[in-house]
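These notes are about the structure you will find just below.
The values are calculated or read from the model by the stated rules, or taken from the named source; none is laboratory data. Keep in mind that what you see is a predicted model, and the values were worked out from it rather than measured. Positions of Cβ are generated from backbone atoms using ideal geometry, with glycine treated the same way; all protein chains shown enter the neighbour counts. Side chains included, ligands, DNA and RNA excluded: accessible areas come from the protein's heavy atoms. Shrake-Rupley method; radii C 1.70, N 1.55, O 1.52, S 1.80 Å.
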Amino acid sequence: MLPPDFSFVHVAAVLLVVLCWFTYGPLLSFLGHGSLNSRLELVRRQWVRAMTRRQAKPFDAVLIGHIIHSVAFFGSATLIVLAGVLTVLVSLENLHRTLSNLHFISKISMELFALQYGFLTLVLTVCFFSFTYALRKLIYAIALMGALPDASEDKPVDEQLVNHAAKVMSEALKTFNSGIRGYYYAVAALFMFVSPWACIAATLIATMTLITRQIATPTSRAVNEYVKAVELQEQEGNRN
């Protein structure tokens with residue numbers, strides 16, 4: 001049975017967090033802008049193609065290692081956060097009593113407080129699984145890139161092999177970015193303790209912040225111009 005102070009607004013707040021988080025990519029496409037990660041898939045294909053032409057690949061190894069360490073760091077950090085969150089479950093009633101004394105926290109039943117806390121834990125858990133899945137995809141990508149033969153002027157590498165390796169790398173980073181976005185929505189879920197309306201407002205602000213960073217910052221504009229230059233270069237190469 002649901003708590004007596006559970007309302008439709010609570011359901012709307014939870015659904016909004018989930019919808020904004022998992023429809024973020026299609027939303028950007030609807031607005032006419034792909035995410036930077038999807039745009040960078042073309043650049044990664046160029047990277048993998050260039051990798052096959054280099055005899056020595058220490059630079060590529062450093063880049064791949066940096067990506068793996070970043071994903072592993074976020075996975076480990078999220079696991080530590082989850083351990084802390086789950087530890088608080090032992091004294092959840094004391095936490096509810098303490099927060100209820102704060103004037104800006106809405107007075108809710110212990111049952112509803114537990115549900116809200118569970119929702120926050122669920123968001124962080126999904127983030128953790130996103131990071132671990134991204135790490136697993138990166139292992140696949142490394143195997144594909146490591147198996148690519150070296151190219152030569154007489155015998156270029158099969159373009160399908162390059163495309164598949166770059167695609168797996170991009171899919172891994174898309175999963176990683178989904179976990180990163182989850183931290184934004186975990187902050188929004190925290191506002192549920194203030195009120196469901198505060199959670200809705202925080203979710204919309206987080207989503208607009210993410211979209212703005214994708215389409216209206218100097219970094220996003222520079223990336224888009226870079227991708228256009230790569231596309232033009234590929235078109236000219238195909239014509240030749």
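Contact map, segment 78-106: residues that are free of Cβ contacts under 8 Å to residues at least 60 places away in the same chain paired with residues that are of a type outside the set (S, T, N, Q) and open to solvent by 90 Å² or more (accessible area, probe 1.4 Å), Cβ distance under 8 Å, separation 6+ or inter-chain. Pairs shown: S100/K107. Within segment 185-205, not a single residue is open to solvent by less than 70 Å² (accessible area, probe 1.4 Å) and over 24 Å from F6 (Cα atoms).
The set of residues in segment 150-167 being in a helix (DSSP H, G or I), surrounded by fewer than 21 Cβ atoms within 10 Å (Cβ to Cβ) and among the β-branched types (V, I, T) is empty. If you check R45 against the conditions, is it basic (K, R), in contact (Cβ under 8 Å) with a residue 40 or more places away in the chain and either under 21 Å from A188 (Cβ atoms) or touching a helix residue (DSSP H, G or I) at 6+ places or on another chain (Cβ under 8 Å) (or both)? For R45, the condition - basic (K, R), in contact (Cβ under 8 Å) with a residue 40 or more places away in the chain and either under 21 Å from A188 (Cβ atoms) or touching a helix residue (DSSP H, G or I) at 6+ places or on another chain (Cβ under 8 Å) (or both) - is met. If you check V14, V88, V71 for being open to solvent by 30 Å² or more (accessible area, probe 1.4 Å), modelled with pLDDT of 90 or more and either touching a helix residue (DSSP H, G or I) at 6+ places or on another chain (Cβ under 8 Å) or not in a helix (DSSP H, G or I) (or both), only one passes: V14.
The set of residues in segment 101-118 being part of a helix (DSSP H, G or I) and open to solvent by less than 30 Å² (accessible area, probe 1.4 Å) consists of L112, F113, Q116, Y117. For segment 51-68, taking the residues that are open to solvent by 90 Å² or more (accessible area, probe 1.4 Å) and touching a residue at least 12 places away in the same chain (Cβ under 8 Å), the one that is farthest from V157 (Cα to Cα) is identified as Q55. Within segment 131-144, restricting attention to residues that are among the small types (G, A, S) and either modelled with pLDDT under 95 or within 13 Å of R49 (Cβ to Cβ) (or both), the residue that is surrounded by the most Cβ atoms within 10 Å (Cβ to Cβ) is A141. G179 passes every criterion in (1) surrounded by 18 or more Cβ atoms within 10 Å (Cβ to Cβ); (2) over 30 Å from H96 (Cα atoms) apart from (2). The condition of being open to solvent by 20 Å² or more (accessible area, probe 1.4 Å) and more than 30 Å from D5 (Cβ to Cβ) holds for only one of A147, A172, that being A147. Among the conditions (1) at pLDDT below 85; (2) small (G, A, S); (3) crowded, with 16+ Cβ neighbours inside 10 Å, G237 misses just one, which is (3).
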